[in-house]
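The values are calculated or read from the model by the stated rules, or taken from the named source; none is laboratory data. Given the structure is predicted, the values throughout are model-derived calculations rather than measurements. Cβ placement follows ideal geometry from the backbone for every residue including glycine, while neighbour counts extend to all protein chains displayed.
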Amino acid sequence: MQQRFVGTNNKRPLFVTRAGALLLAITLAVGVYTLGYNNGSASSTPAGASGAIDLSRFNEVLDLVEQRHVGDETEQQLIDGAIRGLVESLNDPYSQYLTSEEMEVMIGDLSGSFEGIGAVIESRSPAGDSCTAIGPDCYLLVVSPIDGSPAKAAGIISGDRVTAVDGVSVDGETLDSAVRKVRGAKGTTVVITVVRGEDAPKDISIIRDVIVVPAVEPKQLSTTAGDPVGYIRLAEFSEVASEQFRTALQKVIDADTTRIILDLRDNPGGYLSAALSIASEFIGDGVVYMEETSNGKRTETRASGGGLATDPSIKLVVLINKGSASASEILAGALQDRGRAELVGETSFGKGVVQTFIDLSDGSGLKLTIAKWLTPNGTWVHKVGIAPDYPVAPATTQGADDLVLTKALDLLR
């Protein structure tokens, strides 16, 4: 989830989208998170790196379309389409132009609750690369269903490939347009066709609902030797995640527990500020991550200090899987590179770029990739992911033992 944005020319915090993914019905990782700010005001004079841009050809085409095209498109629709085409020409699935109406929807989605089926999806090629137009070479994939959501209750799982919505193929759709087909009001039904592995396509009927995502889910566990373990599942890096996480962590510390499991599985990302705050609970000082801009300049972001669990006598194990993305990877990568935690599970998603929202003067907006992020050791995880120290495949059957969690508990004995 991103910060709730209102008004024009607001300063927006940078963020990592939720796996570049939109939540079905929708929230962004991975939105979606304090790296700095970006003034969103739009310049009235177009200018490129070498000076003013000649827009005469664009104006010529616009005039011809308005004068001679037999359609009934308004000038505003034509301008919106032109801007959208400009952004799509970047071939960057994480950058997008949003009309004022789409911005309003996005703002509502970023508030932390929304109406839909409750799943995070993204577009990927068969080779695992990001892509734009859904089709034979670009899949619509489920990153993760949200805990307690209709999607999870209906049996949607990470890795499912969505091929149709209400019987209509998603081929030719963009990620955004496909997601809009899945969105809908609470109580309405949508039929999602999914392909799982080599199985035949399967129709899954889901009743939409209001989705509220708790950021933190703590509980008390113990090793086979009876040692207490503080378990904290972090579902997302939302506005309230760092505060909720600190509250849960404080209870672990107050109980004199020196073994902690941080579960980032299927966490698609969120605010960078939340990732920094939570990393700083375990890393006392030094680099947490780095940014690299288009000119190659690197900027270090360091731990903010005042963490509750920076004492190395507090053992930490982090759980990750292929649904751990964006801000999850920033946190896991920092803890791994700094030697503060061991990672258990599957290789993570692999999203290593940062976006910011920019308000435009008419209420529309631009979500633009403005930097790479790298781990403290300078590793760029984009399209590669973070490999765990202890690879453990998840259980393949419903109700089976959590092999990843079991391994983590063994490491903390």
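Some notes on this structure:
- Strands (runs of 3 or more DSSP E) fully within the stretch 205-284 counting 2 or more residues that are among the hydrophobic types (A, V, I, L, M, F, W, C), modelled with pLDDT under 95 and under 20 Å from the mean Cα position of the chain (by Cα): 209-212
- The set of residues in the stretch 166-195 being crowded, with 19+ Cβ neighbours inside 10 Å and assigned to a helix (DSSP H, G or I) consists of Leu175, Ala178, Val179, Val182.
So that you can scan it fast, the table gives a plain yes or no per residue for (1) surrounded by 14 or more Cβ atoms within 10 Å (Cβ to Cβ); (2) polar (S, T, N, Q); (3) modelled with pLDDT under 85; (4) in contact with a Gly (Cβ under 6 Å, 6 or more places away or on another chain):
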{"site": "Gly51", "(1), (2), (3), (4)": "no, no, yes, no"}
{"site": "Glu66", "(1), (2), (3), (4)": "no, no, no, no"}
{"site": "Glu73", "(1), (2), (3), (4)": "no, no, no, no"}
{"site": "Gln76", "(1), (2), (3), (4)": "no, yes, no, no"}
{"site": "Arg84", "(1), (2), (3), (4)": "yes, no, no, no"}
{"site": "Ser95", "(1), (2), (3), (4)": "yes, yes, no, no"}
{"site": "Met103", "(1), (2), (3), (4)": "yes, no, yes, yes"}
{"site": "Gly108", "(1), (2), (3), (4)": "yes, no, yes, no"}
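- Residues being among the polar types (S, T, N, Q), surrounded by 13 or more Cβ atoms within 10 Å (Cβ to Cβ) and over 23 Å from Lys351 (Cβ atoms) - total across the stretch 305-330: 1
- Of the residues making up the stretch 355-413, those that are among the charged types (D, E, K, R), outside any loop (DSSP other than H, G, I, E, B) and under 19 Å from the mean Cα position of the chain (by Cα) are Lys367, Lys372.
- Subset of the stretch 368-399 that is more than 23 Å from Ser130 (Cβ to Cβ) and of a type in the set (A, V, I, L, M, F, W, C) - its residue that is surrounded by the most Cβ atoms within 10 Å (Cβ to Cβ): Val392
- Test: residue in the stretch 328-346 that is small (Gly, Ala, Ser), under 15 Å from the mean Cα position of the chain (by Cα), assigned to a loop (DSSP other than H, G, I, E, B) and within 28 Å of Glu88 (Cα to Cα): no
- For Gly128, the conditions (1) modelled with pLDDT of 90 or more; (2) within 20 Å of His382 (Cα to Cα); (3) not hydroxyl-bearing (Ser, Thr, Tyr) are fulfilled apart from (1).
- When Tyr231 is tested against (1) within 27 Å of Gly350 (Cβ to Cβ); (2) outside the structural domain of Val317 (by TED's automatic domain parsing), only condition (2) is not met.
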